[in-house]
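Each value in this text was obtained by applying a stated rule to the coordinates, not by laboratory testing. Because the structure is a prediction, the values reported are computed rather than measured. Glycine also receives a Cβ, built like all others from the backbone with ideal geometry; neighbour counts cover every protein chain displayed.
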């Protein structure tokens with residue numbers, strides 16, 4: 001018998017898994033001093049996130065990364081942890097639990113979180129070497145070891161867990177087949193259409209499927225050699241993984257005489273038939289239901305923690321259940337009902353087979369009661385919210401299936417998350433158990449600015465993603481980046497998106513293209529024409545002082561510093577600062593055009609002159625002649641600053657309010673030569689008549705009597721977008737600082753080949769305002785980083801090449817015959 | 001292949017890795033692109049994309065293929081064939097590299113000379 005210390009009540013927790021430990025955390029936040037707590041775990045590990053085991057199997061996370069409460073946490077909170085030692089019996093009369101090798105431990109209150117056991121089909125061969133369940137770290141270790149020795153795996157079970165296991169083994173290089181009893185995959189979470197889309201996608205990734213497949217026997221003498229199906233089909237395998245489901249682990253409870261059915265029976269207060277014994281998680285049965293997904297279990301933990309802390313009001317009400325699949329690049333989401341239950345229910349579906357997108361929303365009495373999403377799942381959490389809040393959707397029913405952005409434009413209530421009012425202790429990420437306080441602390445202590453960084457440091461929103469909006473709101477509240485739910489893969493060479501790659505480059509200090517490919521597991525040795533220019537830019541932006549530009553990863557125009565034309569000749573556009581020129585420059589251009597027989601001379605939309613049809617080998621000489629008149633590269637070929645268009649402004653115009661031309665020249669002098677994610681065009685108009693068309697530029701300045709309106713995110717191209725208003729300023733110096741800061745924010749955070757217009761539309765003008773206007777320190781830091789980077793790049797590439805640099809680029813290797 | 005004549009066009013180190021340079025032949029409209037891959041394999045193709053005649057020598061070299069700069073068709077350097085779903089092929093020219101020197105198979109009697117320095 002262990003005596004109680006300090007006269008506190010003794011709480012013994014059997015089970016060191018997610019449900020029990022979340023309950024302990026909930027208890028500690030409410031009543032940290034009430035109990036002397038001992039936690040007993042059968043596995044030799046601290047509490048880890050079982051949901052993320054599939055990511056460990058797939059090699060995307062390490063075991064350490066999925067630990068929720070490291071051993072230090074138990075010490076800090078005064079919790080005694082005994083691991084690797086299962087409880088063998090409960091004596092409810094003596095109020096003790098027995099541990100092999102330790103003896104008996106007394107309790108005043110007992111919490112059972114014994115979890116579940118994998119279901120095994122009643123077939124011969126389960127005892128063979130090479131047959132594993134997929135339940136705990138030991139199983140994952142065994143599967144990883146098998147994948148290193150063997151080639152062929154069969155997963156029995158095409159549900160959530162089975163498919164994640166199959167994908168993990170595939171990622172580890174095995175050839176994988178999935179045997180599933182039903183005709184479509186994940187039939188409990190997906191309807192037939194979504195199940196078929198999923199099967200098609202996974203099939204194209206090289207996983208074989210045997211649906212309507214009943215496993216008869218696992219074949220082999222000592223070790224597994226294959227699987228035999230009832231219809232006679234045989235599949236060879238060295239590794240067989242059982243993932244057909246789970247059942248509550250109630251052996252201990254049953255032996256102790258507690259009331260059990262399928263699971264250990266509990267009431268709304270999470271108490272078992274013994275009032276001193278509570279239970280949570282996958283081991284329980286509540287109202288005829290057993291549990292395998294995380295959301296209802298967190299709710300149980302909250303109620304149970306409150307009860308243990310002495311709150312007799314807390315009552316468990318099952319929340320809506322939602323699921324997402326953790327297979328990189330496969331987006332599946334489902335919540336609530338999968339289909340209309342009767343004629344009163346409505347189904348709204350959207351199916352775009354070519355893009356692999358399928359969405360279904362199920363309505364009852366104008367309320368959302370279920371949703372199945374495939375391929376485009378960012379709105380999943382929103383549908384869950386509508387379900388939870390029982391929102392009447394009749395006003396925006398027609399837009400509902402297109403998602404939140406459309407519906408809110410059509411009048412759906414815009415849900416604002418009030419971060420200021422949220423207490424620090426409130427749980428934000430349910431999958432990983434991260435509170436608002438922990439997220440704020442990490443953002444402040446580590447200076448995090450992006451969603452990815454918060455995910456990496458706190459694990460918040462790193463699992464199912466349903467709390468992403470909250471995490472983003474916290475970031476925005478503290479002045480960090482609100483970013484971007486979907487981060488689509490960069491190209492066929494990788495599954496990583498632009499945001500994730502940029503994040504890894506900074507956080508892991510990757511400094512060469514080869515290092516990025518190596519660290520992030522690129523599938524191709526050289527990359528391709530999509531990722532190489534992007535990586536080259538990302539590295540240049542992240543490490544402006546040290547990165548060596550890779551000419552072979554530049555698109556021809558940027559490598560050659562001229563624009564390639566359809567016949568293989570090039571065009572040459574010298575810079576005209578703010579659209580200003582003079583007789584000497586014009587004479588030089590005229591002379592060059594004649595001397596080199598340049599066929600076309602044209603005025604561009606950006607107030608400059610374009611010489612078209614120049615042969616590649618003529619370029620250095622043409623540039624040399626232009627340089628002599630003071631003309632330099634206009635970077636008309638660059639994903640970089642192009643032009644600053646101006647009107648004549650107060651110097652000449654009778655309506656001009658400020659010197660728009662002069663300001664345009666100053667801005668261009670600051671910005672020329674910069675590399676950006678896509679081309680950038682600016683304009684300065686001298687009055688609101690806006691003759692320079694500043695409101696369809698990436699950055700525009702519209703002069704007014706009172707000063708300068710800075711507008712951003714416009715575009716006059718394929719999809720015309722009018723700028724958003726950023727700020728009104730009173731001096732030119734302020735304009736320069738804001739323009740530099742905005743450009744740098746765009747340089748650091750946009751995806752490659754994303755113009756400012758879609759970028760601003762994606763992150764929102766509020767976010768840009770927050771970073772560039774509201775946060776003055778951040779603005780100055782951005783502006784300074786921009787100027788530093790500019791010091792590295794502001795030298796005329798034409799002058800260098802006219803003087804002989806990169807000569808091989810402009811000469812044939814040989815002339816033959 | 002007895003009697004095949006080879007013409008020296010330059011040194012391997014005159015072409016950047018993952019890069020290409022042009023050789024101008026007797027037919028001014030049919031220049032030849034000589035490619036050097038990351039692992040120093042050398043290929044020669046007629047420098048015209050089968051799609052719209054773009055100069056393949058200006059493309060981004062990736063593995064044993066090049067992406068045409070005009071519209072992004074990917075052409076395999078060893079066969080001259082376009083990557084599916086695009087369809088088309090350019091002629092390839094036999095190459096040999098001997099002690100760091102690149103030789104192209106000659107279509108007919110002709111001789112090589114270096115271009116004048118620019």
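Counting only other chains, what is the mean number of Cβ atoms within 10 angstrom of the Cβ of each residue in peptide A:517-530? Show your work: numbers first, answer last.
On the way: counts 0, 0, 0, 0, 0, 0, 0, 2, 5, 11, 4, 7, 11, 4.
Mean inter-chain Cβ contacts per residue within 10 Å come to 3.
Which length gain, in nm to one decimal place, applies between residue A:652 and residue A:489 when the Cα-Cα distance is subtracted from 0.36 nm times their residue separation? Don't skip to the end; give the middle numbers.
Working: separation 163, 0.36 × 163 = 58.68 nm, distance 5.11 nm.
The residue A:652-residue A:489 span can extend by a further 53.6 nm.
Compute the FRET efficiency between residue A:120 and residue A:73 as 1/(1 + (r/R0)^6), taking r as their Cβ-Cβ distance and R0 = 30 Å, and round to the nearest 0.05.
Details: r = 34 Å, r/R0 = 1.14.
The computed FRET efficiency comes out at 0.30.
Just to be sure I understand the curve: with the Debye formula and one point per C-alpha of the stretch A:279-347, what is log10 I(q)/I(0) at q = 0.18 Å⁻¹?
After summing over all Cα pairs, the log10 values are -0.83.
Inverting the mean 1/r over all pairs of different Cα atoms, compute the Kirkwood radius of chain B and quote it in Å.
Details: mean 1/r = 0.0692 Å⁻¹.
By the Kirkwood definition, the hydrodynamic radius is 14.4 Å.
With equal scatterers on the alpha carbons only and no solvent term, can you work out the Debye log10 of I(q)/I(0) for the stretch B:1-55 at 0.26 1/Å?
Taking Cα atoms of the stretch B:1-55 as identical point scatterers yields -1.08.
If I fit a long axis through the Cα atoms of helix A:294-308 and take the longest principal axis of the Cα atoms of chain A, what angle between them do I get, 0 to 90°, rounded to 10?
60 degrees
Along the Cα-to-C-beta direction of residue A:353, a point sits 7 Å from the Cα; which residues of the stretch A:210-248 have their amide N less than 20 Å from that point?
Output list for this probe position: empty.
Count, for each residue of B:62-70, the Cβ atoms from other chains sitting within 10 Å of its Cβ, then give me the mean as a whole number.
5
Find the eigenvalues of the gyration tensor of the Cα atoms of the stretch A:38-105, then list the square roots of 5 times those eigenvalues as equivalent ellipsoid semi-axes, largest first, in whole angstrom. Intermediate values should be presented prior to the final figure.
On the way: eigenvalues 165, 40, 15 Å².
After diagonalising the Cα gyration tensor, the semi-axes are 29, 14, 9 Å.
Kindly give the semi-axes, whole Å and largest first, of the ellipsoid equivalent to the stretch A:331-409, taking each as the square root of 5 times a Cα gyration tensor eigenvalue.
Square roots of five times the eigenvalues give 18, 14, 12 Å.
Can you tell me the 0 to 90 degree angle between the C-alpha axis of helix A:160-171 and the longest principal axis of chain A, rounded to 10?
50 degrees
Where the Cα atoms of the stretch A:597-714 are projected onto their three principal axes, how long is each span, largest first, in whole Å?
Between the extreme Cα coordinates on each principal axis of the stretch A:597-714 lie 51, 33, 22 Å.
Stokes-Einstein diffusion coefficient for the stretch A:145-207 at 4 °C in a medium of 1.567 mPa s, Rh from the Kirkwood formula over Cα pairs: what value in µm²/s? Please report the intermediate quantities before stating the final value.
Numbers: Rh = 11.8 Å.
Estimated via Stokes-Einstein, D reaches 110 µm²/s.
Translational D (Stokes-Einstein, µm²/s) of the protein assembly as shown at 4 °C and 1.567 mPa s when Rh comes from the Kirkwood sum over C-alpha pairs?
40 µm²/s
Summing -39500 (n - 2.57) over the DSSP H runs of n ≥ 4 in the protein assembly as shown and dividing by its residue number, what mean residue ellipticity at 222 nm do you reach, to the nearest 500 deg cm²/dmol?
Calculated from helices alone, the mean residue ellipticity at 222 nm is -8000 deg cm²/dmol.
On a full-extension model of 0.36 nm per residue, what is the gain between residue A:289 and residue A:799, subtracting their alpha-carbon distance, rounded to one decimal in nm?
Extra length from residue A:289 to residue A:799 when fully extended: 176.0 nm.
What number in nm² do you get for the stretch A:1-128 if you take the convex hull of its Cα atoms and divide its surface by four? Intermediate results must be reported in sequence, preceding the final value.
Numbers: hull surface 41.1 nm².
Directional mean of the projected Cα hull area for the stretch A:1-128 stands at 10.3 nm².
Can you give the Rg and Dmax of the stretch A:131-244 based on its C-alpha atoms, in angstrom?
Radius of gyration, then largest Cα-Cα span, for the stretch A:131-244: 13.1, 41 Å.
For the Cα atoms of chain A, what angle does the longest principal axis make with the long axis of helix A:619-628, in degrees from 0 to 90, nearest 10?
60 degrees
Quick one: Kirkwood hydrodynamic radius for the stretch A:641-793, alpha-carbon pairs, angstrom, one decimal?
Kirkwood hydrodynamic radius for the stretch A:641-793: 15.0 Å.
Given a cut-off of 16 Å, what percent of all Cα-Cα pairs of the stretch A:705-802 lie beyond it?
Details: 2867 of 4753 pairs.
In whole percent, the long-distance tail amounts to 60.
So how much slack lies between residue A:549 and residue A:339, counting 0.36 nm per residue of separation and subtracting their Cα-Cα distance, in nm?
Details: separation 210, 0.36 × 210 = 75.60 nm, distance 5.45 nm.
That works out to 70.1 nm of additional length.
Determine the shielding of peptide A:55-63 by partner chains: average, over its residues, the number of Cβ atoms on other chains within 10 angstrom of each Cβ.
Rounded to a whole number, the mean comes out at 0.
Could I have the simple spin-label model distance between residue A:582 and residue A:193, label points 7 Å from Cα toward Cβ, reported in nm to one decimal?
6.8 nm
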